[in-house]
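Chemist: Dumping the structure here so I can ask a few things about it.
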Amino acid sequence: TTITDASGGYITPFGLPTGTYSASTNTNTAYVNEAYDDLPQLTPPANRAPIEVTVGETTEDIDFALALGGRVSGTITDAGTGQPLAGFGNVTLYDSHGAWVTSAGLDIGGHYSTSGVPTGTYYVMAYSYAGHIPQIYDGVTCLNCGITGGTPVTVTVGNTTGGIDFLMVRGGTIAGTIADAATTTGIT
């Protein structure tokens with residue numbers, strides 16, 4: 001793992017033994033992440049372009065040119081109160097195979113906006129940290145469900161697919177005590 005400087009340059013912070021490696025970006029910006037050499041970020045390492053490293057030398061020109069991605073945005077609202085979830089949730093995008101792509105948190109108005117999403121079809125799932133039942137778009141309760149059972153959302157690079165909203169229902173809860181069997185002292 002490394003961090004770029006102000007000009008976008010980078011160098012790995014740790015020495016590497018002689019061998020063959022692969023690399024990919026992992027930016028939380030509006031850009032689409034990718035694997036070297038212009039491959040999708042989720043390309044398995046065995047299928048990526050090899051990067052040969054020799055002890056005592058720097059393998060140069062392992063460059064990335066990232067394109068701006070698309071966005072998915074919407075609002076999450078409590079079905080009972082009509083109020084936004086105000087920062088108490090998360091939205092996650094999955095690809096057509098059900099693999100994680102990106103996530104976004106909620107602002108104080110219950111709004112979210114993902115970034116850096118490649119052109120494609122995705123499934124969107126909303127989670128609440130305030131006791132609401134998880135849901136996949138569009139309105140499907142999803143507790144251990146198949147993510148591709150929701151309504152697909154199409155994203156195009158450079159554009160925002162908006163209005164992907166969730167009306168979430170507060171679920172029931174389970175409560176109790178966990179204690180030492182011999183002493184009945186609570187276990188924390």
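The values are calculated or read from the model by the stated rules, or taken from the named source; none is laboratory data. Everything numeric in this text was worked out from a predicted model, so none of it was measured. Please note: Cβ atoms are built from the backbone with ideal geometry, for glycine as well, and neighbour counts cover all protein chains shown. Accessible surface is based on the protein model in full, side chains and every heavy atom, while ligands, DNA and RNA are left aside. Shrake-Rupley method; radii C 1.70, N 1.55, O 1.52, S 1.80 Å.
Chemist: Give me a count of the residues in segment 129-145 that are assigned to a loop (DSSP other than H, G, I, E, B), open to solvent by less than 70 Å² (accessible area, probe 1.4 Å) and closer than 18 Å to ARG71 by Cα.
Modeler: 1
Chemist: Could you grab the pairs with beta carbons closer than 7 Å, sequence gap of 6+ or different chains, first residue in segment 158-173 and at positive phi, second one open to solvent by 30 Å² or more (accessible area, probe 1.4 Å)?
Modeler: Partner pairs satisfying both residue conditions: GLY158/LEU68.
Chemist: Could you identify the single residue in ALA126, ALA181, ALA175 that is of a type outside the set (D, E, K, R) and surrounded by 14 or more Cβ atoms within 10 Å (Cβ to Cβ)?
Modeler: ALA126
Chemist: I'm checking my understanding of the structure. Among residues of segment 17-68 that are β-branched (Val, Ile, Thr) and not in a loop (DSSP other than H, G, I, E, B), which one is surrounded by the most Cβ atoms within 10 Å (Cβ to Cβ)?
Modeler: Taking the candidates together, the pick is VAL53.
Chemist: Related question: Sort out which residues of segment 105-123 are within 15 Å of THR161 (Cβ to Cβ) and buried (at least 21 other Cβ atoms within 10 Å of the Cβ), and write them in order of number.
Modeler: Once the filter is applied, which keeps residues that are within 15 Å of THR161 (Cβ to Cβ) and buried (at least 21 other Cβ atoms within 10 Å of the Cβ), segment 105-123 yields TYR112, THR114, GLY116, VAL117, TYR122, TYR123.
Chemist: Would a scan of segment 86-97 turn up a residue that is outside any strand (DSSP E or B) and more than 22 Å from ASP165 (Cβ to Cβ)?
Modeler: There is at least one residue in segment 86-97 that is outside any strand (DSSP E or B) and more than 22 Å from ASP165 (Cβ to Cβ).
Chemist: Going residue by residue through segment 76-94, is there one that turns out to be surrounded by fewer than 16 Cβ atoms within 10 Å (Cβ to Cβ), touching a residue at least 40 places away in the same chain (Cβ under 8 Å) and touching a Ser or Thr at 6+ places or on another chain (Cβ under 7 Å)?
Modeler: no
Chemist: Give me a count of the residues in segment 152-188 that are among the aromatic types (Phe, Trp, Tyr) and touching a Lys or Arg at 6+ places or on another chain (Cβ under 6 Å).
Modeler: The qualifying residues number 0.
Chemist: Determine if segment 146-162 includes at least one residue that is in a strand (DSSP E or B), open to solvent by 40 Å² or more (accessible area, probe 1.4 Å), closer than 30 Å to THR12 by Cα and polar (S, T, N, Q).
Modeler: no
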